[in-house]
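Shown next, in structure tokens, is the structure this report addresses.
Laboratory data are not the source of any read-out in this text; all were calculated from the coordinates shown. The model shown is predicted, which means the values in this text are computed figures rather than measured ones. Cβ placement follows ideal geometry from the backbone for every residue including glycine, while neighbour counts extend to all protein chains displayed.
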Amino acid sequence: MYDTIGIWVGAFFTLAIYSFLYKENPVYRLAEHLVVGISLGYTMVLIYNSVILPKLLEPIFAGNHLILIIPGLLGLLYITRFIPSIAWLSRYPIAFIMGTAMGVAFPLTMKAYVLRQLEAAMVPLYSSGMPWYEVFGNIVMIFGTLAALIYFFFSKPHKGLFFGTGSKIGIWVIMLGFGATFGFTVMGRISLLIGRIQYLLGDWLHLIE
Amino acid sequence: MINSIVLTALMLLQPAIEITDVQDRPNDAGDRLHLYLSIPGEDTGDLVACVVFRKQVDEPDDYWNLVLSEALPLEEEFLVDGYDPDFIIEPGVRYMFRPAAITIAGDTLVGEVFISPITSKGEFINTDETSVLIAGSLFIILIFYYFGKAQRGQKMYLRPIAGIEAIDEAIGRATEMGKPILYVPGLSSIADVATIASLTILGRVAKKVAEYQTPLLVPNRNPIVYTVAEECVKQAYLEAGRPDSYDPDSVFFLTQSQFAFVAGVNGIMMRERPATNFYLGMFYAESLILAETGSLSGAIQIAGTDAITQLPFFITTCDYTLIGEELYAASAYLGHEPKQIGAVKGQDACKMLIIILLLLGLVLSTISVITGNESFMFLKNMLLSG
């Protein structure tokens, strides 16, 4: 009984959202406001049950992690935004979070996006027994990387052999990469659409097995 | 039946699983321990998994917690304990361990309790990350060098970027049409570099918007980003000399759910019909839905992200797209402040350094393979191991 109601509700809202493909309409608007409201309420309960209660309140009331009172108070400063005379206090947690986030992100980004990529690109162009297509692949990878890097030079005019030709090749390499990514992602999206059509025709209308 | 009895008997006759040593993990915060196990019959296929229970030495017997569970045979020489966030390892605390092996029949063979001879301790400097420290310091020095040069008044060139030059034009278009500007600062958290870049650009855009008295809409997915975005816009109105024009409802939080957020923004686009849409920051699978709806609504669209998988969608549906680092540089372009232009110049110097290192590494790797001399791989190894 409940399963059937669930399937009908799911089918109704799937069609309500798809109706946007025709134009913005009251049925879409109903689905939009419901999904925004329900998701927000659900997230609040989820955060209370998975973060605030087990990671903050329970350890504090158990009395063994009183240090957590400090981040708890810092978090409460966000609420001062509702009181204009002391709203400036909310800048402290913002500053703390931004500083911490940047501090944590810097070494991680440096390692993952600079050093590891650099290390992975340092491959030998040729070695004995290496098939020709692997040699060609290595050449494309290394010179493609160099050309793409040249494209992202902002303080030099893109003129001449190094910056001019380099950046032209670079944008071609970037666009070829984007084309491949586009095709790959579209394939993934079509499989999502197929899943939704299977739900409508199978679970809901029982037209397919 | 007889076979299973014989198998169980053989299992019970085997020497039990035991922990032979516990060592502190080097270069950590004192929250990991290495456990060395001896598991007779590990490779025979009769044992499928091993588990480890842990408790503090001074805790009562009912405090044993399951902290590790690994399939057999083990892939590493040791197991690393401390990853479970519910049962963390505290520096300076002595623990005891009880291992157990699970047989293919589902029996548990419990080993002897092992009291750790050592306690974990944290290190002040992680020597595994020396290469990150050197590279980071070098990059910071380069950026500050050009930063200083710019501050001393040296003129620095910045090549034109169409997407950034179009920002002023897009704001002007919305002003002329009397329609709002929609600015989506991405869907990621404040820890994302793209979000920080986007918020800096938001400040610049909001200042122009305040000068032109154009309505601005800034929907947010992340609550922290929302508060920072609100501060940015408020500050921009103040700097433009129009704090009274600031509308507190212009920056708002929608929801944290990814596709519910998109549904909400799409609805805003079709109802409010903004003349200009900015999508600057970190985006995920929703990028095409957002940009396609904006395109249908007839808005001029400027996007910018460093998400490689989403850039193709923005390129195909938006009028202008800032690709990767162009987003980071946009703030310097818009502000024309010498300090920020100096920072962009410094970043270019860092890129040149990367190109030189890459070419050097390429030559050394090829020489290493041709001569068979591994010592030529020192540069690559240095980047890998620190």
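Alpha carbon centre of the range A:134-209 versus the range A:76-111: separation in Å?
Each part reduced to its Cα centre gives a spacing of 35 Å.
Excluding residues fewer than 8 places away in the same chain, name every one of the lysines whose C-alpha is closer than 22 Å to that of residue B:234.
B:179, B:207, B:208
List the relative contact order of chain A as a percent without decimals, with contacts defined as Cα pairs under 8 Å and 6+ residues apart.
12
Hey, if you put +1 on the Cβ of every Lys and Arg and -1 on every Asp and Glu Cβ in the protein assembly as shown, which of A:103, B:382, B:318 ends up farthest toward the positive end of that dipole?
Value computed over the given set: B:318.
For B:86, B:168, B:28, what ranking results if the residue with the fewest other Cβ atoms within 10 Å of its Cβ goes first?
Listed from fewest to most nearby Cβ atoms, that is B:86, B:168, B:28.
Quick one: if you stick a label point 7 Å off each Cα along the C-beta vector at residue B:159 and residue A:57, how many nm between them?
Each label point lies 7 Å from its Cα, and together they span 5.7 nm.
Between A:16, A:147, A:95, where does the largest GNM mean-square fluctuation fall for chain A, given springs only between Cα atoms within less than 10 Å?
Result: A:95 has the largest fluctuation of those listed.
Hey, if you put +1 on the Cβ of every Lys and Arg and -1 on every Asp and Glu Cβ in the range A:123-209, which of A:131, A:155, A:171 ends up farthest toward the positive end of that dipole?
A:155
Under 5 Å between amide hydrogens, which residues at least 5 positions from residue B:78 or on another chain qualify, with H placed 1.01 Å from N in the peptide plane?
Counting only residues 5 or more places away or on other chains, the set is empty.
Taking loop as defined by DSSP and a crowding limit of 14 other beta carbons within 10 Å, which chymotrypsin sites (Phe, Trp or Tyr not before Pro) in the range B:315-350 fit?
Passing sites in the range B:315-350 do not exist.
What translational diffusion coefficient, in µm²/s and rounded to a whole number, does the Stokes-Einstein relation yield for chain B at 4 °C and a viscosity of 1.567 mPa s, taking the hydrodynamic radius as the Kirkwood radius over Cα pairs?
50
Mind listing the phi-derived Karplus ³J(HN,Hα) values for the range B:271-283, rounded to whole Hz, using 6.51, -1.76 and 1.60 with θ = phi - 60°, and x for any glycine or proline?
8, 7, 6, x, 7, 9, 10, 10, 10, 10, x, 9, 10
Among A:12, B:314, what is the fewest-to-most ranking by other Cβ atoms within 10 Å?
Least to most surrounded, the residues fall as A:12, B:314.
Convert 25 °C to kelvin, take the viscosity as 0.890 mPa s, use the Kirkwood radius over C-alpha pairs of the protein assembly as shown as Rh, and evaluate the Stokes-Einstein diffusion coefficient in µm²/s, rounded to a whole number.
85
Looking at this model, which pairs from A:111/A:156; A:55/A:111; A:156/B:339; A:168/B:351 are more than 19 angstrom apart at the alpha-carbon?
Listed pairs above 19 Å: A:111/A:156; A:55/A:111.
DSSP beta bridges in chain B, what fraction antiparallel, as a percent rounded to 5?
Once the DSSP bridges in chain B are tallied, antiparallel ones form about 60 percent.
For the range B:161-223 and the range A:25-39, compute the distance between their C-alpha centroids and round to whole Å.
Taking the Cα centre of each part, the range B:161-223 and the range A:25-39 sit 26 Å apart.
When the helix-only estimate is applied to the protein assembly as shown (DSSP H runs of n ≥ 4, each -39,500 (n - 2.57), divided by the residue count), what is the mean residue ellipticity at 222 nm, nearest 500 deg cm²/dmol?
-17000 deg cm²/dmol
Tell me the relative contact order for the range A:123-209 as a rounded percent, counting alpha carbon contacts under 8 Å between residues six or more apart.
19
Tell me which DSSP H helices of chain A clear both cut-offs, 15 Å or more of axial length from alpha-carbon atoms and a mean Kyte-Doolittle hydropathy of at least 1.0.
Membrane-span-like by this rule: A:2-18, A:26-47, A:91-109, A:132-151, A:166-198.
Please work out the FRET efficiency for the pair residue B:104 and residue A:68, using the Cβ-Cβ distance as r and a Förster radius of 30 Å; give the result to the nearest 0.05.
0.10
How many percent of the alpha carbon pairs in the range B:240-386 exceed a separation of 20 Å?
66
Counting only Cα, what are the radius of gyration and maximum Cα-Cα distance Dmax of the range A:50-97, in Å?
Cα only, the range A:50-97: 12.4, 36 Å (Rg, Dmax).
For the residues B:380, B:351, what sequence is obtained by ranking on other C-beta atoms within 10 Å, fewest first?
Lowest to highest Cβ neighbour count: B:351, B:380.
Please list the radius of gyration and Dmax for the range B:156-336, considering alpha-carbon atoms only, with Å as the unit.
Considering the range B:156-336 through its Cα atoms, Rg and Dmax are 14.6, 45 Å.
Just to confirm the number: angle between the C-alpha axis of helix B:223-239 and the first principal axis of chain B, 0 to 90 degrees, nearest 10?
Helix B:223-239 and the main axis of chain B meet at about 30 degrees.
How far, in degrees from 0 to 90, does helix B:325-335 lean away from the longest principal axis of the Cα atoms of chain B, to the nearest 10?
For helix B:325-335, the angle is close to 40 degrees.
Report the full-extension gain for the segment residue B:370 to residue B:339: residue separation times 0.36 nm, less the Cα-Cα distance, to one decimal in nm.
Extra length from residue B:370 to residue B:339 when fully extended: 6.5 nm.
Indicate, rounded to the nearest 5 percent, the antiparallel portion of the DSSP beta bridges found entirely in the protein assembly as shown.
For the protein assembly as shown, the DSSP antiparallel bridge percentage is about 60.
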